[in-house]
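What follows is one structure encoded as structure tokens, with my remarks underneath.
The values are calculated or read from the model by the stated rules, or taken from the named source; none is laboratory data. What you see is a predicted model; the values in this text were computed from it and never measured. Cβ placement follows ideal geometry from the backbone for every residue including glycine, while neighbour counts extend to all protein chains displayed. Heavy atoms of the whole protein, side chains included, go into the accessibility calculation; ligands, DNA and RNA do not. Shrake-Rupley method; radii C 1.70, N 1.55, O 1.52, S 1.80 Å.
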Amino acid sequence: MKKIAIIEDETAIRENYMEMLGAQGYQVSGYSDRITAESAFKDALPDLAIVDIGLGHEIDGGFLLCQTLRTLSKTLPIIFLTARDSEIDTVCGLRMGADDYLTKDISLAHLAARIGALFRRMEALEHPADANALITRGQLTLDTQRMQVFWQQQLVDLTVTEFWMLHSLAQRPGHVKSRNDLMSDAKIYVDDSTITSHVKRIRKKFIVLDSQFDCIDTVYGMGYRWEQH
């Protein structure tokens, strides 16, 4: 049974998520503040941490907790689940090592699906790669079984959302994908500016590995496409 920790300072919200995930078959623990959670995690880590950013009097307590968790484990899945939807907060959360950043208007069914996707990715990493699960586009390789991306044989550290957006683009090089297409393929429900932010972050992660990277084109007024050079 997978163990999930929910760090959320609002009691009603925390208990609602705990009840829903418990009904899904997970073993769920809840914490209302960073200090209590950190104390528990030093004894035993969960299989997944779902973290709010504002925790009691600590306006950025969730960010601090994420940093602590990353010192304890480089691979523990972390999801930010918060009411804060600014691009700055999203970028900060993902740069700190979170696997996903979701806002509290997400449905419980959608949250459960995202959690399931993270666990499937972690399980796939424990098994040998399946050649049939590989998609190759020039210097790009996508492993759909392990949900990993490689550029010039270097791992590109994408979140689950970023992986499926890139997968959508790379499946059909040269074909324009609208923001709605990308939203649908990544199974997220956000506004256009958030999709734009995701694409910018994907580009930046490739550019860190290859300053000449230019395979994701913006087609103004239409969307984005993968150009295979």
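Could you tell me what a quarter of the Cα convex hull surface of the chain works out to, in nm² with one decimal place?
Values: hull surface 50.5 nm².
One quarter of the hull surface, i.e. the mean projection, equals 12.6 nm².
Once you put a point 7 Å from the Cα of residue 13 and another 7 Å from the Cα of residue 109, both along the Cβ direction, what distance in nm separates them?
Those two pseudo-labels are separated by 2.3 nm.
Given Cα positions, please report Rg to Rh for the stretch 147-229, the hydrodynamic radius being the Kirkwood one. Write out the running numbers ahead of the final one.
Working: Rg = 11.8 Å, Rh = 12.8 Å.
So for the stretch 147-229, dividing Rg by the Kirkwood Rh gives 0.93.
Mind telling me which of 37, 170, 23 comes out most flexible in a GNM of the chain, alpha-carbon contacts under 10 Å?
Evaluated over the chain, the most mobile residue of the options is 23.
For residue 156, tell me the accessible area in Å² from a 1.4 Å probe, rounded to the nearest 10.
Near enough 10 Å² of accessible area.
Determine the percent antiparallel among the DSSP beta bridges restricted to the chain, to the nearest 5.
50
Please give the per residue accessible area of the stretch 26-168, computed with a probe of 1.4 Å over protein heavy atoms only, in Å².
Numbers: 6530 Å² over 143 residues.
Here the residues of the stretch 26-168 average 46 Å² of exposed surface.
With only Lys, Arg, Asp and Glu charged, each at its Cβ (+1 for the first two, -1 for the last two), find how big the charge dipole of the stretch 81-229 is about the Cα centre; round to the nearest 20 debye.
Using only the charged Cβ atoms, the result is roughly 60 debye.
Please find the FRET efficiency linking residue 20 to residue 91, where r is the Cβ-Cβ separation and R0 is fixed at 25 Å, and quote it to the nearest 0.05.
Computed FRET efficiency for residue 20 and residue 91: 0.30.
Over the chain, what percent of the accessible surface lies on carbon and sulfur atoms, probe 1.4 Å?
Within the chain, the accessible surface is 49 percent carbon and sulfur.
Report, in whole Å, the centroid distance computed from the Cα atoms of the stretch 193-229 and the stretch 48-68.
Taking the Cα centre of the stretch 48-68 as reference, the centre of the stretch 193-229 is 30 Å away.
Can you tell me the alpha carbon radius of gyration of the stretch 1-56 divided by the globular rule-of-thumb value 2.2 N^0.38 Å?
After normalising by residue count via 2.2 N^0.38 Å, the value is 1.04.
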